[in-house]
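Presented below is the structure to which this report refers.
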Amino acid sequence: TQNNAEESHLVAFPDVVSGSLDVTLSSEFQTFEILFRRKLERGPGSSLEYLWGYRYAELNDGLRLSESTLLLSPAAQGATISLFDQFDIANEFHGGEFGFVKQWQSAPCVFSELVAKVALGSTQSNVEVLGETTSTVGGSSNLAPGGLLSQASNIGQRDKQSFSAIAELGFNLRRRFTPRVVGTFGYTFMYWSEVARAGDQLDLAINTTQIPP
């Protein structure tokens, strides 16, 4: 931060340090909706429906970086350092939703369907940053809070609530096999604004005076 330049952090280097680095990223998304449907128009082989209701969505992100090193240089030979940085994110959305469904017959017993929906509401985001460094020199261990990317300036828990939107656009093909059996194939694109992600919490401008010894 003082020199406005990039620096290296050695994990493994010949005759200096031997070590390993493990990065784990997890992401889980789920959503459900309760909708009312009403036909606006209906013609030969086509229909247009209006949707309105409620949508819930949840996105949990986790990022953990674990590092273990053994110093090989003569000045500190045999000393070990183990550290981890962990970023856990939880997002929760509640809002009202409205949209349209357009359906038309593209072939005998085959229907095409276009779905467009948008939900407006509130997103509650919870960000938790953890970190810990354990150094062992001459059989004596020292435990300190903070790793490399988790330091005193960002460790802890923060909450944020903001107005946001979830937009959904989908296209489906429906094949009617019998009056009671219909097969569906489709693709859905979703966009969620004002949502926190684990990777966005990493600040690479590191204050070296805060790194544990």
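The slack between Glu92 and Ser68, meaning 0.36 nm per residue of separation minus the straight C-alpha distance, is 5.2 nm.
Normalised by the number of residues in the stretch 80-160, the average gap of Cα pairs under 8 Å and 6 or more apart makes the relative contact order 36 percent. Normalised Debye scattering of the stretch 60-174 at q = 0.23 Å⁻¹ gives log10 I(q)/I(0) of -1.15, counting only Cα atoms as equal scatterers and leaving out solvent.
The phi torsions of the stretch 150-164, fed into the Karplus equation with coefficients 6.51, -1.76 and 1.60 and a -60° offset, translate into couplings of 10, 10, 4, 6, 10, 5, x, 10, 9, 10, 9, 10, 8, 6, 8 Hz, rounded to whole numbers, with Gly and Pro shown as x.
Each Lys and Arg contributes +1 and each Asp and Glu -1, all at the Cβ; summed about the Cα centre of the stretch 98-208, the dipole is approximately 860 debye. Computed on the stretch 114-163, with alpha-carbon pairs under 8 angstrom and 6+ residues apart, the relative contact order is 46 percent. Put simply, the amide H of Ser164, placed in the peptide plane, has neighbours under 5 Å in Gly121, Ser122, Thr123, leaving out anything fewer than 5 places away on its chain.
In terms of accessible area, using a 1.4 Å probe and ignoring ligands and nucleic acids, Thr69, Thr134, Thr24 rank largest first as Thr24, Thr134, Thr69. With all protein chains in place and ligands, DNA and RNA left out, the 1.4 Å accessible area ranks Lys102, Lys117, Lys39, Lys160 as Lys160, Lys39, Lys102, Lys117, largest first. Comparing Val110, Asn4, Leu59 along the charge dipole axis of the chain, the residue lying farthest to the positive side is Val110, per the Cβ-charge model.
For the chain, rounded, prolate or oblate, judged on the Cα gyration tensor with a ≥ b ≥ c (square roots of eigenvalues), a/c < 1.5 rounded, else prolate if a/b > b/c? Prolate is the answer for the chain, as a/c is 1.5 or above and a/b outweighs b/c.
Between Thr134 and Ala165, the modelled label-to-label distance comes to 4.9 nm, taking each label 7 Å out from Cα in the direction of the beta carbon. Positive end of the dipole of the stretch 126-208, charges at C-beta (+1 Lys, Arg; -1 Asp, Glu), about the Cα centre: which of Gln151, Leu169, Val181 has its Cα farthest in that direction? The residue sitting most towards the positive pole is Val181.
Calculated accessible area for the chain comes out at 63 Å² per residue, all protein chains present (probe 1.4 Å; ligands, DNA, RNA ignored).
Whole-Hz Karplus values for the stretch 196-212 come out as 8, 10, 5, x, 6, 8, 7, 10, 7, 7, 9, 8, 5, 6, 9, 5, x Hz, taken residue by residue from phi with 6.51 cos²θ - 1.76 cosθ + 1.60 and θ = phi - 60°; glycine and proline positions read x. Taking label positions 7 Å along the Cα-Cβ direction at both Ala5 and Leu120, the computed distance is 5.2 nm, reported to one decimal. Of all lysines in the structure, the ones whose alpha carbon falls short of 18 Å from that of Lys39, not counting any fewer than 8 places away in one chain, are Lys102, Lys117. Put a plus charge on the Cβ of each Lys and Arg, a minus charge on the Cβ of each Asp and Glu, and nothing anywhere else: the dipole of the chain about its Cα centre is then about 1640 debye. Considering only Asn154, Asn172, Asn60, give the residue with the highest GNM mean-square fluctuation for the chain, with springs between Cα atoms whenever their separation is below 10 Å. Answer for the Gaussian network model of the chain: Asn172. The relative contact order of the chain, computed from alpha carbon pairs under 8 Å that lie at least 6 residues apart in sequence, is 17 percent. Legend: calculated FRET efficiency, Gln157 to Phe13, from the Cβ-Cβ distance at R0 = 25 Å, rounded to 0.05, equals 0.10.
If a spin label sat at a point 7 angstrom from the Cα of Lys102 along the line to its beta carbon, the backbone N atoms of the stretch 39-58 nearer than 19 Å would be those of 39-52. Backbone geometry of the stretch 138-149 corresponds, through the Karplus equation with coefficients 6.51, -1.76 and 1.60 at θ = phi - 60°, to 3J(HN,Hα) couplings of x, x, 9, 9, 10, 10, 9, x, x, x, 9, 9 Hz, x marking Gly and Pro. Does a label point 7 Å from the Cα of Glu58, set along Cα-to-beta-carbon, have any residues of the stretch 116-138 with amide nitrogen under 19 Å, and which are they? Residues passing the 19 Å test: 121-128. Determine the share of the chain's accessible area contributed by carbon and sulfur atoms, expressed in whole percent, with a 1.4 angstrom probe. Of all accessible area on the chain, carbon and sulfur atoms account for 57 percent.
The values are calculated or read from the model by the stated rules, or taken from the named source; none is laboratory data. All values derive from a computational prediction rather than experimental measurement. Note that each Cβ is placed from the backbone with ideal geometry, even for glycine, and that neighbours are counted across all protein chains shown. Accessible surface areas use protein heavy atoms only, side chains included; no ligands, DNA or RNA. Shrake-Rupley method; radii C 1.70, N 1.55, O 1.52, S 1.80 Å.
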